[in-house]
Structure formats: structure tokens, C-alpha cells
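Encoded as C-alpha cells, the structure appears first; notes follow it.
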Amino acid sequence: MVHAGLRGGEDETPFLPGPTFAAPYHLRGDPAARTYGYGRYANPTWSAYEQALGELEEGDVLTFASGMAAVSAALLPALTAGDVLVLPHDGYPGVRNLARGPLASAGVERREIPSTLEAFLAALPGATGVWVETPTNPRLDVIDVARIVEAAREHGAWVAVDNTLATPLRQRPLALGADLSVASASKHLTGHSDLVLGYVATRDPDRLAALTRWRGDTGGIPGPMETWLAHRSLATLDVRLGRQEENAAAIAAALRGRDDVLEVLTGGTLVSFTVESAARAEALLGACELVAEATSFGGVHTSAERRGRWNTDDVADGFIRLSAGIEDAADLVADLAAALDATA
Ligand SMILES: *Cc1c(COP(=O)(O)O)cnc(C)c1O
């Protein structure tokens, strides 16, 4: 994490060179053998971050303007009329929106299934591609990627894994056999709730070439400043995740000890729990001082929200997803306990 993409620095250069801002670069004569000609196609700040992520994902990486730009690059050019995409009916809603919108318009059939190994295996016959998100969101189950890949191969289907939640520190989909590892860097990977970014990783040179063409043609490129901040944030990923996971475990243990909390699920830095009603959930979040009410997850500041407010997840009205930050565990537990007591 600390050294990714940064080995072999020259004397008198920074550990992490600053962002390069460029539209055109100076480029004389024949451009064929050159990398940096125009800023929509290549940028040295992307190159350094992509090198770093490639070391972690164990593949080649392309960064994109957002997680959804990366998801779009993975799915839209890879599927044509008559193809069949298998995807979970929970998980990140943006993926379903692509399947139900532009992919459906293009004649791509979709099979939306529950996020279980059995459902994936049953949906494989006739599939062109498979989209897996694990741990699942919002219920935080873990799915066996290697098993899905093995079965998908028998049916000639490719497999893409959304690695946003786990990050390459906890899960390496390409090493498990997946064709693509796709992630939003807006969450754990950068962890400071200050930027939106995404990437796709692959070991297949043809897929890499297709993704590179797609990014150049559609222009969903990351800004150099965001990319540089993302690379800077990578150094602390291990420390942040370790502390966030410890805090999540402490919060989950405290919530399990209360009889006014109905169900507690944990996965890494996330704790999903249910209280009896939407009103109690809203009141509880309003009464917290340290736990910010906000969507998303993975940041150093603890945050939580009632998922039902988006009408996108199939969850109970009082279902709250909490993302543990790096504050003091005892402070967080005390804040939640006080808010639960105040709203009982
Ligand atoms: C946030 C998220 C995305 C989309 O990423 P953005 O950076 O917000 O575009 C995709 N998948 C998962 C699992 C996410 O949590």
C-alpha cells in the first residue's frame, strides 16, 4: 500500500510526484511511438496510480471519472443484442439501472437474481457475462467468486466482480479467476469522502485495449487532482481499514447487546442493523453527534443512513447501514448508545 507505484524514485524528486495538468502536451513530429499527446488519452498522474492499483489488483488497471464510469466501461461495450447478463437484484443500484436502461434498449437480456452462490450457478446456462458484487450490499454476505468463475467458464461466460467494498487489500478477484475487477475508488480505497473515482482491472490484453478505446472515445476520464489525491490516500489504506474494521466490530458487539436493535449484520467496516420503524431510525440518526447522517461508506468519518429513504434496496423501513470511521471506538459506541436511549 505504502510503496505501490512509487518504487525507484530519482534523487531530488518527490516521493509522490504532484499532479500533471495538461490538455495537449508538447509533441513534435510523428506521434505514433509517444504516450502523452493529449490529456483525454493519457496522463502521467493516471499512469502512476494505475501502476499502483495494478500491483494491488495483480493486473492492468485503467482509472475512470467515477465508479459508474468504470462499470459502464466494463459493461456497455462488452454486450450486444441477444447477449445475456446475469446480475444481482440487490447490490449497487446503478448497475441495475444500466441493465434496465441502455443495455435493455440495445437488446441485451438481463437475469436479475438473488445474491447467493446457488442463484448464480442456476442462472449461468446461456449467459454471456456475469456481474458479481461481494460482499453483497446491503446485507453483507460473501459469495465464492472462484466457484462462480469455474462454473461460468463451462458456459463460456465472462465474470466481472465489483470490488468496491472489499478493496484489493481484502479480495483480489483476478487472482480468483475473474476477467474484470471493477471498483469505485470513492469509498474505502480513498477513504476521505472528498473525491469520486473508479477503475477497471484485467489481465486480458484484448479487454484492456477495448477499455482503453472506450475511455478515449467516451471521455469519462478522471481529473489529475483527484487521481493524485487517490494515490496519496492509498498509503494509509491498510491502517484505515484495520481501524475501521475494529470500530465496526466494537459497534456491532454493542448493538447486539441491546434488545431494541432487531438484527445486526457486519462485513468489514460496515454494520447494518434494524430498529423497529423508519421514525425510530430517523430519530436515532438525528440524535447522534459523532455519527454523520450521509450516504456512501468507507470514509474516515463514521456515517450512517436509513437505506429505505432511497427506495432502491429491498430492506426493512428501520434498516440502517453504518460505515465505521477511524474515531475512538468507545466514543462511537457511547454516541450510538446515547442516541438509542434518547429515542427509546
Ligand atoms: C459507490 C459504488 C459504485 C459507484 O461508484 P461511484 O464512484 O459513486 O460512481 C459502484 N459499486 C459499488 C458497490 C458502490 O458502492
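Relative to the longest principal axis of the Cα atoms of the chain, the long axis of helix 278-287 makes an angle of roughly 80 degrees. Going by the alpha-carbon gyration tensor, a ≥ b ≥ c the square roots of its eigenvalues, is the stretch 164-213 rounded (a/c under 1.5) or, if a/c is not under 1.5, prolate (a/b greater than b/c) versus oblate? In terms of gyration-tensor shape, oblate. Distance from the Cα centroid of the stretch 242-258 to that of the stretch 193-212 is 33 Å (rounded to whole angstrom). Charge tally for residue 84 (other residues, Cβ to Cβ under 11 Å; Lys, Arg +1; Asp, Glu -1): 0. Shape annotation for the stretch 16-86: C-alpha extents along the principal axes are 46, 29, 20 Å, from largest to smallest. By the gyration tensor of its Cα atoms, with a ≥ b ≥ c the square roots of the eigenvalues, what is the shape of the stretch 254-342: rounded for a/c under 1.5, prolate for a/b over b/c, or oblate? Rounded. Helix 237-256 and the longest principal axis of the Cα set of the chain meet at an angle near 20°. Helix 329-342 axis versus longest C-alpha principal axis of the chain: approximately 50°, rounded to the nearest ten. Mean silhouette area of the chain, derived from the convex hull of its C-alpha atoms and averaged over all directions, reads 18.9 nm².
Peptides 315-322, 158-165, 217-224 ranked from most to least packed by the mean count of surrounding Cβ atoms within 10 Å: 158-165, 315-322, 217-224. Principal axis extents of the Cα atoms in the stretch 56-200, from largest to smallest and rounded to whole angstrom, are 41, 31, 30. With both residues required to sit in the chain, DSSP beta bridges show an antiparallel share near 60%.
Exposure proxy ranking for 80, 227, 274, based on other Cβ atoms within 10 angstrom of each Cβ and starting from the fewest, stands as 80, 274, 227. Label the stretch 122-263 by shape, choosing from rounded, prolate and oblate, from the square roots a ≥ b ≥ c of the eigenvalues of the Cα gyration tensor; if a/c is under 1.5 it is rounded, and otherwise prolate applies when a/b is larger than b/c, oblate when it is not. Here the stretch 122-263 falls in the oblate category. The spacing between the stretch 137-156 and the stretch 19-43, judged by their C-alpha centroids, is 40 Å. At full extension, residue 150 and residue 80 could sit 22.8 nm farther apart than now, given 0.36 nm per residue minus the alpha carbon distance.
Bear in mind these aren't lab numbers, they're just calculated from the coordinates by the rules spelled out. Model, not experiment: these values are computed from the prediction. A quick note on method: Cβ atoms are made from the backbone with ideal geometry, for glycine too, and the neighbour counts reach across all protein chains shown.
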